[in-house]
Structure formats: structure tokens, C-alpha cells
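Single-structure report; data block below.
The values are calculated or read from the model by the stated rules, or taken from the named source; none is laboratory data. Computed from a predicted model, the values in this text were never measured in an experiment. Positions of Cβ are backbone-derived with ideal geometry, glycine not excepted, and every protein chain shown enters the neighbour counts. Ligands, DNA and RNA are excluded from the accessible area calculation, which covers all protein heavy atoms including side chains. Shrake-Rupley method; radii C 1.70, N 1.55, O 1.52, S 1.80 Å.
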Amino acid sequence: MTELDSLDVSAISTSRSLMTELQSQGLRLVDSSAGAPSRRGGAGPSDHKAVTLDGVTVMIPVHTGAAFHSPFVADAPGADGRSVLRRGMIPIASITFPRQPRFYSGSTAEGVPYSHIATLHGADVLATTVLQTCIRYESRRKACRFCAIGQSLAAGRTIRRKTPAQLAEVAKAAVELDGVRHMVMTTGTPPTSDRGASILCESAEAIRAAVDLPLQAQCEPPDDDAWFLRLRDAGVDTLGMHLEVVDDDLRRRLLPGKSEVPMERYWLSFEAAVAVFGRGQVSTYLLAGLGDTAEGLLAASDRLISIGVYPFVVPFVPISGTPLEDHPAPSAEFMRSVLEPLGERVSLAGLRAADIKAGCGKCAACSTLSRYETPMAIPA
Ligand code: SF4
């Protein structure tokens, strides 16, 4: 009997708790080349790696300071691709790493590697940052303190602007070669009042003309709500507009540029977007661990839920090279204190991850929120 065979899965408190702890504390890898390459830098959560545990793929920090000191360590994968996950020396679970996607070996006629245009997130999501520059990021004074959108560009791992034709070509390849099931398009914010909605429309049209792939677009609230209809007509199924933090003082400190867009603008945009995309098909990221209290996050979530917006509460991952690289990640206890009640509330409101057509809430790899959701009650 091998060490893997002898794992007593029932001895793990529950896979959900373990996932929450792994996302808070991170993971040390004996073999850093295991599975698909980890994400470093870029827009949104980063410096983590996709790990599959009990059939669920979650993103676990592997390049952060916390991960360096984590009690969790993954052995090098065996011949069957499985790794023993240990807490200290004690084996507690068997995990796998999604393999490197086949489409990564492709490149465009001009020689741009497909992996510089879009990457695999989670288990089956294609993700891209259409515009890898941002008016906020260009000024040290205005940049969101946790953002690393310029890092992957500076390191030559991506390109500044992905054209609609490039995105369509890569999306088609990722569906055909790797079976990706939906796609996330985010963007840095350009200096135009549409906040990037126009380039997201062009991109969606080209992708949907090439392949049948549910799409999420993510941007700041555009100046004109008419953009929501344009996005939907271009083929976008779901929309993300990300608050990240909700307390006004924190917003000013951590998102100095973005906080110039008042919260009120977000609330109005959420309502207008839900009218177009439908309840549960508009979402927002809330980063837990940056200073908002559990009560503050839950109160904001209640308001979002009442509008029909899915509050995707995600543990903050401090990304190397950003001003917040030494800011601690939230504890697993803090995450549970938010996710347990929130899972119940989104379920009761009928806004569960499983019902989202595309995007981060559906992927659910950056948070264990979906693991706290309950199936819809069947009426008697
Ligand atoms: S939740 Fe969003 S950012 Fe996280 S891995 Fe999935 S698609 Fe990527």
C-alpha cells in the first residue's frame, strides 16, 4: 500500500475547509514545474497555481511570501500525475495539477505565441487582458496598490493590445484543442469615457464569429449605460464590474485613481447592467483581507444581492512587486466568517455560481464561495 492509498480522506476536516486554508496560506511546491505554468503578475488575482482537489480546481498562491512559509507542501507528482499534499510532514490529501494546455504551443502568423494572447485559468476557462495598460497604473499615485497589470508586459509574457482577430484565433484553438468552456476578457482602463467597453465589444464580436464560447467582459462602469446593450449584442453573456474594496477611506487609500469613480456610480451601473444581462449574470470582485470588515463585506454583499449582482468575495493575494506585496493574506477563519453566511445568502437569493453563464463567478477557482453555496430548495 502506498502513502497515497493510505490517505484517510475522512480525516481531512472537509475539502472545503482545506481549500479555504490553502487559499489563505498558500502552498510550497517541491516541483515548481508541475502542471500548467503558474500565473505571475497581470491583471486581477495572480502569483498562484491551479490545483485540483476532490475534483474541484482552485487557484492557490505559490509565489507569495505567505506561500513561502506555508505549512502546506505538495510533493513532486508521481508517474500518474498525482501529488501528495502534506501539512508539515503529514500527508492529508491527493492533488493534481491541470496539465499545460495544448493551445500554448500555437502562435499567430506574425509569430505571437498564443499564450501571450490568452491563458488557461482554473480548469477550463480562457482568460485575457485585452488592453494590458491602464490609465490608473501609469501613475504611481493613482495605481491600485495591489495591481500588477504591467508586470507580465514588462517581462515579455504578454502583449500590450490583443486584436479582435488574435483573440478569435486563440479562442478557437483553445476550444478545439483543450475544450475550454467559457472565456473571461478583462481590460486595463483606457483614457476614454467608455472605460474599455468599446474594445470589449469589438473583441466579443470577433470571438463569437469564430467560435461558440460563452463570454464574460470586465471593465469599470462606462459613462453611458447604453454600452451594456452594445456589449450584450456583441456576444457578451455576463459582465464584471469590480469594486474590490467598499469602505470609502480604504478605497481612497488602496484605489486612489479608481476611487474617483464614486460608489454611487457603481450602484447605478449595477442596476442598469442587471436589467440587460439578468439577475446573477452581473458580478463584482470583493477582495477580502484588505481592511474591509466581515460585516462591511456582508453588508455590501446584501445590497449587491438585492440588485441581482453576484458578490464574488475572493481572498486577497499579495502579489510580489506591488506596494502591497507584504500585506498579509486573510486568515482562513476570516474567510469562513464571510463565506459561510454569504454562501447561504446567495443561495437563498437564487444567485449561485453554477447558474452563471461565464466568467469568474462560474469558474470559481479564486474563491471557495461556491463551495459554501447550497443547492436550490425544491418546492414541495
Ligand atoms: S476566478 Fe477568474 S481570475 Fe480566478 S482563475 Fe477563474 S477566471 Fe481566472
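Give me a comma-separated list of calculated 3J(HN,Hα) values for region 106-123, in order, Karplus coefficients 6.51, -1.76, 1.60 applied at θ = phi - 60°, integers in Hz, x for any Gly or Pro.
Going residue by residue, I get x, 8, 6, 4, 7, x, 7, x, 4, 5, 8, 9, 7, 10, 7, 10, x, 9 Hz, with x marking Gly and Pro.
Heavy atoms only, probe 1.4 Å: what % of the accessible area of the chain goes to carbon and sulfur, would you let me know?
Looking at the chain in its full context, I get 53 percent from C and S.
Enumerate the amide H contacts of ALA93 below 5 Å, restricted to partners 5 or more residues apart or on another chain; note that Pro and chain-start residues carry no placed amide H.
LEU85
At a 1.4 Å probe radius, which order do TRP227, TRP267 fall into by accessible area, largest first?
TRP227, TRP267
Report the residue, chosen from PRO311, PRO77, PRO191, that carries the largest GNM mean-square fluctuation when the chain is represented by alpha-carbon nodes joined by springs under 10 Å.
Its mean-square fluctuation being the largest, the pick is PRO191.
Based on Cα coordinates alone, diagonalise the gyration tensor for region 183-246, multiply each eigenvalue by 5, take square roots, and list the semi-axes in whole Å, largest first.
One finds semi-axes of 19, 13, 10 Å for region 183-246.
Are there cysteines in the chain with no other Cys C-beta under 4.7 Å, and if so, which?
CYS134, CYS201, CYS219, CYS360, CYS363, CYS366
Heavy atoms of the protein only, probe of 1.4 Å, neighbouring chains included. What is the accessible area of HIS69 in Å², nearest 10?
HIS69 exposes around 150 Å² with every protein chain in place.
Would you kindly work out the equivalent ellipsoid of region 287-380 from its C-alpha gyration tensor and give its semi-axes, the square roots of five times the eigenvalues, largest first in whole Å?
26, 14, 11
Need one number: % antiparallel among DSSP beta bridges in the chain, to the nearest 5.
In the chain, approximately 50 percent of DSSP beta bridges are antiparallel ones.
Could you state the number of Å between the C-alpha centres of region 102-135 and region 215-282?
Result: 24 Å between the Cα centres.
Answer with one residue from THR57, LEU27, SER15: the one whose Cα lies farthest towards the positive end of the charge dipole of the chain, charges on Cβ with Lys, Arg +1 and Asp, Glu -1.
Going by the Cα projections, it comes out as LEU27.
Specify which residue in the list VAL170, VAL338, ALA365 is farthest towards the positive end of the charge dipole of the chain, using unit charges on the beta carbon of Lys, Arg (+1) and Asp, Glu (-1), about the Cα centre.
Ranked along the dipole, the leading option is VAL170.
My understanding is that a pair violates if its Cα-Cα distance is over 29 Å; which of LYS49/LYS357; LYS142/LYS172; LYS172/LYS258; LYS258/LYS362 do that in this structure?
Those over the limit are LYS142/LYS172; LYS172/LYS258.
Under the rule of at least 5 residues apart or a separate chain, name every residue whose amide H is placed under 5 Å from the amide H of HIS182.
Result for HIS182 returns LEU126.
So which residue, out of LEU239, LEU324, LEU27, gets the largest mean-square fluctuation from a GNM of the chain using Cα contacts under 10 Å as springs?
Fluctuation is largest for LEU324.
Indicate the helices, whole DSSP H runs only, in the chain that combine a mean Kyte-Doolittle hydropathy of -1.0 or more with a Cα extent along their long axis of 18 angstrom or more.
Going by DSSP H runs, the hits are 164-178, 197-210, 263-277, 294-307, 332-348.
Could you tell me what fraction of 2.2 N^0.38 Å the Cα radius of gyration of the chain comes to, as a two-decimal ratio?
0.94
Determine how large the accessible area of LYS172 is when every protein chain is in place; take a 1.4 Å probe and give Å² rounded to the nearest 10.
80
Choose one answer from GLY196, GLY361, GLY156: the residue with the largest mean-square fluctuation in a GNM of the chain with alpha-carbon springs under 10 Å.
Fluctuation is largest for GLY156.
Once phi is turned into θ = phi - 60°, what whole-Hz ³J(HN,Hα) does the Karplus curve with 6.51, -1.76 and 1.60 give for every residue of region 147-154, x standing for Gly and Pro?
For region 147-154, the Karplus-derived couplings read 8, 10, 4, x, 5, 5, 5, 4 Hz, x marking Gly and Pro.
In Å, the Kirkwood hydrodynamic radius of region 224-380 over pairs of distinct alpha carbons?
Taking the inverse mean of 1/r over all distinct Cα pairs, region 224-380 comes out at 16.1 Å.
What translational diffusion coefficient, in µm²/s and rounded to a whole number, does the Stokes-Einstein relation yield for region 33-169 at 37 °C and a viscosity of 0.692 mPa s, taking the hydrodynamic radius as the Kirkwood radius over Cα pairs?
D = 198 µm²/s.
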